[in-house]
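Below you will find the structure I want to go over with you.
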Amino acid sequence: MRGRAGASSALLAAALAVVAAGRLAAQQPPPAPADTALENSQQRLIEIRRERQRLQAEMERLRGQVHSLSSEVLNLREQVRTTGRIVSELDLQIAAMGSQISRKTADLLIAQDALAEKRAVLHHRLIEIAKRGPLYGAQVLLAAESFGDLASRYKYLYLISRQDRQLVADVEALRDSAASGRNVLLNLQGALSRRRDERAEENQRYRQLEQQSQRSLRQSEREAEQTRQRLAQLARDEARLNDIIASFERRRLAEAGRGAVAAPARIRTADLGRLDWPVDGVIIYRFGRQQLANNTTVRRDGIGIAVPQGTPVKAIADGTVRSTRSLGTYGPSVVIEHGAGFYSVYLYLGEIDVKNGQAVTRGQIVGRSGGENSDEGPHIEFQIRGEASGQKGQAQALDPIAWLRRRR
């Protein structure tokens, strides 16, 4: 009896060992911590792309209005910088995904090896069960010689069956884990392929933006040089106009010194805010210093009034035509003397309808507007020259707005 009891104890111990071994084999390694670096990179990538979208919207806004090319160059440089950051983030993500794929591949191989091992054990168990037949359990129990032996044998069968069920569950779990691992690996490989395609596109965009930035920079430099040349020519033409009016004023003063009868003054200080407008249009630039779109500054000695090409231009007061000539960038121009050192100047005309020495009356047409080839488009520039306070004999440029009738 003691020998049989010892055998039963041995069977029970063996069953417990099998169950323990099954549990140990079924244990899976703890999951790796989430790759926060990849998540952080993806968040940065979203923010960088938002910044680039803002720059692209700003570029569209610039292209829809008058602007300096230097602003466009700065915008393109910022787009180049943000695109470079996008490429860097994509490189980081590609490296992180490559590392993830390596880890997932290793995990999948381990899971497949464990699955193969478990399947082999299950296959062996099924063979053993088949060999013993369906009455094996009953035979084991009927062979008991005592109640204690029966209890031991029953527990042995119970543990063996539980171990077999656990083995089946382990095989199913490993099979699902391997399938899941394969899906994760395929998804990672697809994401990696897409990131590589994105990087190729961003690299292409980076090169295009670099080329566009260089072209815009060269164009900006050409524009700046053309602007300098135009401003220099404008300064020369303004000096020429000043010399012409100064010569008229010297002649007037010389004739007055010889006792000649001076022409009556047609414009007086009492006319401030009461003179008619030479044309009816929108003021596009005012008297004084003005900052242009390219950040250069120009001094205006008159006001620019936008009107359609060919609009009649009228004399603001009675007077005598002193000059009808083309003045460089100003184009065909008319200067009218109104006496007492006052002159009105009409620039950017398309046609001149009066002659030198001709007397004109208030409201008479002196020419037609032009300016279609100027930077401002069709318009005229109107100036008033007169003696400034304390500067006898010097016909200085005065602000026309102060002399013209206030418009409603």
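What is the order of Y346, Y154, fewest Cβ neighbours within 10 Å to most?
With the fewest neighbours first, Y346, Y154 line up as Y154, Y346.
To make sure I understand, if each residue's beta carbon is the centre and we count other beta carbons within 10 Å, what order do S326, S177 fall in, fewest to most?
S326, S177
By the gyration tensor of its Cα atoms, with a ≥ b ≥ c the square roots of the eigenvalues, what is the shape of the range 263-403: rounded for a/c under 1.5, prolate for a/b over b/c, or oblate?
oblate
Let me ask another. Given springs between every Cα pair under 10 Å in a Gaussian network model of the chain, which of A138, A340, A95 has the largest fluctuation?
A138
Among the aspartates and glutamates, which have Cα under 13 Å from the Cα of K104 when same-chain residues fewer than 8 positions away are ignored?
D35
Also, quick follow-up: Binning every alpha carbon pair distance of the chain at 20 Å from zero, what are the percents per bin?
Each 20 Å bin holds this share of Cα pairs: 18, 24, 16, 13, 11, 10, 7, 1, 0.
Show me, for the range 335-351, the HN-Hα J-couplings you get by feeding each phi into the Karplus relation (A = 6.51, B = -1.76, C = 1.60, θ = phi - 60°), rounded to Hz, glycine and proline as x.
Per residue, the Karplus-derived 3J(HN,Hα) values read 10, 10, 8, 10, x, 6, x, 9, 9, 10, 10, 10, 10, 6, 7, x, 9 Hz.
Out of residues 5 or more away from S333 or on other chains, whose amide H comes under 5 Å of its own, with H placed 1.01 Å from N in the peptide plane?
Result for S333 returns R325, S326, L327.
Can you compute the charge dipole magnitude of the range 161-304 about its Cα centre, using +1 on each Lys and Arg Cβ and -1 on each Asp and Glu Cβ, nothing else charged? Give it in debye, rounded to the nearest 20.
Dipole size: approximately 580 debye.
Provide the net charge surrounding H338, with neighbours chosen by a C-beta distance below 11 Å and charges set as Lys +1, Arg +1, Asp -1, Glu -1.
Result for the local shell: +2.
At 1.002 mPa s and 20 °C, plugging the Kirkwood radius over alpha-carbon pairs of the range 195-297 into Stokes-Einstein gives what diffusion coefficient in µm²/s?
106 µm²/s
For Q364, enumerate residues with amide H under 5 Å from its amide H, sequence gap 5+ or separate chain, H modeled in the peptide plane.
Result for Q364 returns A315.
Lys/Arg Cβ at +1, Asp/Glu Cβ at -1, dipole of the chain taken about the Cα centre: which of I352, A95, T269 is farthest positive-ward?
T269
Okay, next question. Lysines within cross-link reach of K314: Cα-Cα under 24 Å, excluding same-chain residues under 8 positions apart?
Cross-link targets: K355.
Tally Lys and Arg at +1 and Asp and Glu at -1 over the other residues with C-beta under 12 Å from the C-beta of Q139: what net charge comes out?
Here the count lands on +2.
Then there is this: Would you calculate, for the chain, the mean residue ellipticity at 222 nm contributed by helices, counting each DSSP H stretch of 4 or more residues as -39,500 (n - 2.57) and dividing by all residues, to the nearest 500?
Value at 222 nm, helices only: -21500 deg cm²/dmol.
Continuing with this model, one more query. Counting other beta carbons within 10 Å of each residue's own, what order do M59, M97 fall into, fewest first?
Ascending number of Cβ neighbours within 10 Å: M59, M97.
Now for a different question. Any idea what the relative contact order of the range 263-403 is, in percent, if you count C-alpha pairs under 8 Å spaced at least 6 apart?
Contact order relative to length: 27 percent.
In debye, nearest 20, what is the charge dipole magnitude of the chain about its Cα centre with +1 on Lys and Arg Cβ and -1 on Asp and Glu Cβ, if you could check?
Computed about the Cα centre, the dipole is about 340 debye.
Quick note: the coordinates plus some simple rules give every number you see, no bench work behind them. A quick note: this is a predicted structure, and the numbers were derived from the prediction, not measured. No Cβ is skipped: glycine too gets one built from the backbone with ideal geometry, and neighbour counts run over all protein chains shown.
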